[in-house]
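Computed from the coordinates by the stated procedures, all read-outs in this text should not be read as laboratory data. This is a predicted model, so every value here is computed, not measured.
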Ligand code: THU
């Protein structure tokens, strides 16, 4: 399935009673399986989670760990880029050249990459004093 269509279908189920801003995300894993997520808000506002985070959680539960492609969709005058936290979350599971399609329900599409969204990403290579990577 087209990844933007998958994100659009998922978005219908978003739980956004506070912002009314429904977001859908779809990830195609390297295995080819498509995983979707939606934003899930909470009355304690900072506890809400983004659509991208939901899609990543679904991917991990599904047994995949490498992102091949991402699509995000919302009803906005312009394509909505992932928030800073979601950029970091995506970078954990994606190469920098992975395509990210930002779409609007009004038909606008903007293509970018994980690396363009988060240049100079903080990565596992920066952790020097962890058990797996001693200084
Ligand atoms: N949101 C996402 O789910 N993904 C994004 O890329 C941008 C923002 C959500 C968080 C919150 O539920 C609502 O959109 C308004 O910020």
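Some observations on this one:
- The calculated P(r) of the chain, using every Cα pair and 10 Å bins from 0, goes 13, 43, 32, 10, 2, 0 in percent.
- Looking at the chain, the DSSP beta bridges with both ends there are about 70 percent antiparallel.
- Computed over region 76-135, the Cα gyration tensor eigenvalues convert (square root of 5λ each) into semi-axes of 31, 10, 8 Å, ordered from largest to smallest.
- Full-stretch length increase - residue 15, residue 45 - with 0.36 nm per residue and alpha-carbon distance subtracted: 9.5 nm
- Extended-chain gain in nm, criterion 0.36 nm per residue less alpha-carbon gap, residue 122 and residue 108: 2.0 nm
- Summary value for the chain: 19 percent relative contact order, contacts being C-alpha pairs under 8 angstrom separated by 6+ residues.
- Working from Cα pairs under 8 Å separated by at least six residues, relative contact order for region 1-47 is 37 percent.
- Taking every Cα-Cα distance in region 7-72 and sorting them into 5 Å bins starting at zero, the pair-distance distribution P(r) comes out as 4, 22, 29, 20, 14, 8, 3, 0 percent.
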